[in-house]
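Encoded as structure tokens, the structure appears first; notes follow it.
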Amino acid sequence: MIKKILISQPKPSTEKSPYFDIMRKHNVELEFRPFIRVESVTPREFRAQRINILDHTAVIFTSRHAIDNFFMLCQEMRIEIPEDLKYFCITETISHYIQKYVQYRKRKVFFGETGKMSDLLPLVLKHKNDKYFIPQSDVHSTEFTDMLDAKGISYTNGIMYRTVSTTISKEEVSNYDMLVFFSPSGIQSLLTNIPDFEQNETVIATFGPATAKSVSDAGLRLDLQAPTPEFPSITAALDAYLKEHNG
């Protein structure tokens, strides 16, 4: 029986979030507590990478953090972003987040349907002559860049932000029946805080293939994964899992 779930993300800002529907529908307690926090690199640190963003004709965004730090650093460095710059996003939801910084309708924006890196690749290949810039965290998967290398796509990785583990104790984690992770850094934070973590009956759920892989790489058991064709979101996957296991 799942009674208490830790969601390793900030609490949603609106009560309309599907998470609150899950709480009411299944009578479970959800607590929102990020396992990591994101810090932007400084303009000086970015310049030390010797990257000229204006040398690129397209940007690939894999998260909202990437979008935030890309636009904020460009502003701090007084880089005027060309209107014809193309944006490739891992999901439609992330693509809409660009509206926070630019007029969406005036931009060339492309996005994947499933949230998988392999789903974004065909869109990139349709624009194979572009030179891509990929804003990254200091800790990131090489899954997508390996695909780009295999296809001969020109790109540059740029570290624009870093992930830092937050503190959580073994006793605190043991209070939860399920842990939900959204990045490999979350798994890394868990094991940094609790090197002798034993999963036992604790259910581990993940969103994104890289996060799922990090669970397996850590020798842990993956009990629930999204997105899938049946469950495109983590909330849909949670709803189905609780319906089956809690009755």
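Within region 229-245, the residues that satisfy the criterion of being within 19 Å of the chain's Cα centre (by Cα) and either in a helix (DSSP H, G or I) or at pLDDT below 90 (or both) are Pro229, Pro232, Ile234, Thr235, Ala236, Ala237, Leu238.
Counting only residues that are polar (S, T, N, Q) and not in a loop (DSSP other than H, G, I, E, B), region 215-228 holds 2 of them. All of Arg44, Arg33, Arg105, Arg78 fail the test of being in contact (Cβ under 8 Å) with a residue 24 or more places away in the chain and over 18 Å from Ser154 (Cα atoms), apart from Arg33. If Arg50 passes every condition in (1) over 20 Å from Thr163 (Cα atoms); (2) in a loop (DSSP other than H, G, I, E, B); (3) in contact with a Phe, Trp or Tyr (Cβ under 8 Å, 6 or more places away or on another chain) but one, which one does it miss? The failed condition is (3).
For region 1-31, residues that are exposed (fewer than 15 other Cβ atoms within 10 Å of the Cβ) and closer than 19 Å to Thr202 by Cα total 7. Output the residue which, of all residues in region 95-129 that are hydrophobic (A, V, I, L, M, F, W, C) and assigned to a helix (DSSP H, G or I), is surrounded by the fewest Cβ atoms within 10 Å (Cβ to Cβ). Top of the filtered list is Leu125.
Each row is one residue, and each column tells you yes or no for (1) hydrophobic (A, V, I, L, M, F, W, C); (2) more than 15 Å from the chain's Cα centre (by Cα).
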{"position": "Arg50", "(1), (2)": "no, yes"}
{"position": "Phe61", "(1), (2)": "yes, no"}
{"position": "Ile90", "(1), (2)": "yes, no"}
{"position": "Thr93", "(1), (2)": "no, no"}
{"position": "Gln99", "(1), (2)": "no, yes"}
{"position": "Phe110", "(1), (2)": "yes, yes"}
{"position": "Leu121", "(1), (2)": "yes, yes"}
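Note on region 85-125: among residues that are modelled with pLDDT of 85 or more and among the aromatic types (Phe, Trp, Tyr), the one that is nearest to Asn52 (Cα to Cα) is Tyr87. Filtering region 147-173 to residues that are without any contact (Cβ under 8 Å) to a residue 12 or more places away in the chain and within 26 Å of Leu224 (Cα to Cα) leaves Glu171, Glu172.
The values are calculated or read from the model by the stated rules, or taken from the named source; none is laboratory data. Everything quoted here is computed from the prediction, not taken from an experiment. For neighbour counting, all protein chains shown are included, and Cβ atoms are generated from backbone atoms with ideal geometry for every residue, glycine included.
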